[in-house]
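Asker: Sharing a structure here in structure tokens format.
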Amino acid sequence: MPHFTFSRPVAAIILKTSSIAVFVGMQSFIKLAGVVPAGQIVFFRSFFALIPILILLAWTGELRTAFYTSRPGRHVVRGLVGVSSMALGFFALTRLPLPEAIMLNYAQPLLVVVISALVLGEVVRVFRWTAVAVGFLGVLIISWPKLTLFTSPDGMGSAEAVGVAAALVAAAISAVALLQVRSLVQTEKSSTVVIWFSLTASAAGLFTLPFGWAPLTGWQFFYLVMSGICGGVAQVLMTESYRHASVATVAPFEYTSILFGLAAGYLLFGDLPTVHSIVGGAIVVGSGLMIIWREQRLGLERGKARKVMPPQ
């Protein structure tokens, strides 16, 4: 059966970093499309992502079996939760500078720890609670200049404040989706989880059509189609990266998205990082790396879930 032959950790790192770069490209295309209804973006992002995903599954010989599952209901529920996070994340992306939208997304691993402890009863000790507390401090530093604009007399910046709120809620819902994926991958193949999510998200996005889709210009249509293709390519590269190295080796490179985001934000949109975003982002990244390191030491099984969580 044909498949990638990379085996060295350096190849896995290259694949992971490439997936992150393409993921930031996906976000850039969405932002270039301008203000478009979130459900419409979800449809384009999910439907056209199927193209590279189906090509990969056909190439690896998994296409025929990828659709089979004994837990269709769980897949649909996971898909709807993921779509909710995706829609809010896209809404935030259209209203925030690209680097800040990416940084706020990294509240997700902090929220996974909180939800695991409070809802699932997972034992979380002082080290990880400290990392979570420090990470939320970083989120507050990033968000504060936007949130304080709620109090401005002329209301300037309120759209950005709403964007921050949407990004944080998206991160919280994404944390729930990650926990659902952790359950699914215990019995389901990665390809099954990926294909069912893409199909569910496409259907959910299409369902919003009667509630008002915006007419698109030729360029907007192109940008949204490209966002979907980039999303699918990023998914393929990310999944492949985890085939060739451990989660502990590959996962920390998720944070290269901040560097790519800073570059894309400046070159495409003229966004310059603020002191708040730099300091807060550094704190959030540091906390996330602490949590990843600690989870690997404890042997927690989040690696399989991280492999198939779609870039959003």
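The values are calculated or read from the model by the stated rules, or taken from the named source; none is laboratory data. Predicted model, so just to flag it, every value in this text is computed and none were measured. FYI the Cβ positions are ideal-geometry reconstructions off the backbone, even for glycines, and counts take in every protein chain you see. For accessibility, only protein heavy atoms count, side chains too; no ligands or nucleic acids. Shrake-Rupley method; radii C 1.70, N 1.55, O 1.52, S 1.80 Å.
Asker: Can you order the peptides 71-81, 215-225 by their average number of other Cβ atoms within 10 Å per residue, highest first?
Answerer: 71-81, 215-225
Asker: Continuing with this model, one more query. Using the Karplus curve 6.51 cos²θ - 1.76 cosθ + 1.60 with θ = phi - 60°, what ³J(HN,Hα) values do you get for each residue of region 92-98, in whole Hz, with x for Gly and Pro?
Answerer: 5, 4, 7, 10, 10, x, 3
Asker: Could you derive backbone 3J(HN,Hα) for region 12-17 from the dihedral phi with the Karplus parameters 6.51, -1.76 and 1.60 (θ = phi - 60°), listing whole Hz in sequence and x where the residue is Gly or Pro?
Answerer: 4, 5, 4, 5, 5, 5
Asker: Give, in whole angstrom and from largest to smallest, the semi-axes √(5λ) of the equivalent ellipsoid of region 158-211, with λ running over the eigenvalues of the Cα gyration tensor.
Answerer: Those come to 27, 18, 6 Å.
Asker: May I pose another question? How do 60-68, 22-30 rank on mean C-beta neighbours within 10 Å, highest first?
Answerer: Listed from highest to lowest mean packing, they are 22-30, 60-68.
Asker: OK, next. Per residue of region 176-191, what does 6.51 cos²θ - 1.76 cosθ + 1.60 with θ = phi - 60° give for ³J(HN,Hα)? Whole Hz please, x for Gly and Pro, Karplus curve as stated.
Answerer: Karplus values, whole Hz, x for Gly and Pro: 5, 4, 4, 5, 5, 5, 4, 6, 5, 6, 5, 10, 10, 6, 4, 4.
Asker: With a 1.4 Å probe and all protein chains left in place, how much of the accessible area of the chain comes from carbon and sulfur atoms, in whole percent?
Answerer: Reported share for carbon and sulfur atoms: 72 percent.
Asker: Shifting gears a bit: Helix-only estimate, please: 222 nm mean residue ellipticity of the chain, summing -39500 (n - 2.57) across DSSP H runs of length 4 or more and dividing by its residues, to the nearest 500.
Answerer: -24000 deg cm²/dmol
Asker: Express the accessible area of the chain per residue in Å², computed with a 1.4 Å probe while the remaining protein chains stay in the model.
Answerer: It amounts to 44 Å² per residue over the chain.
Asker: Further question on the same structure: Could you sort 102-114, 195-207, 125-137, 256-268 so that the peptide with the highest average Cβ count within 10 Å comes first and the rest follow in order?
Answerer: So the peptides 102-114, 195-207, 125-137, 256-268, ranked by packing, come out 102-114, 195-207, 256-268, 125-137.
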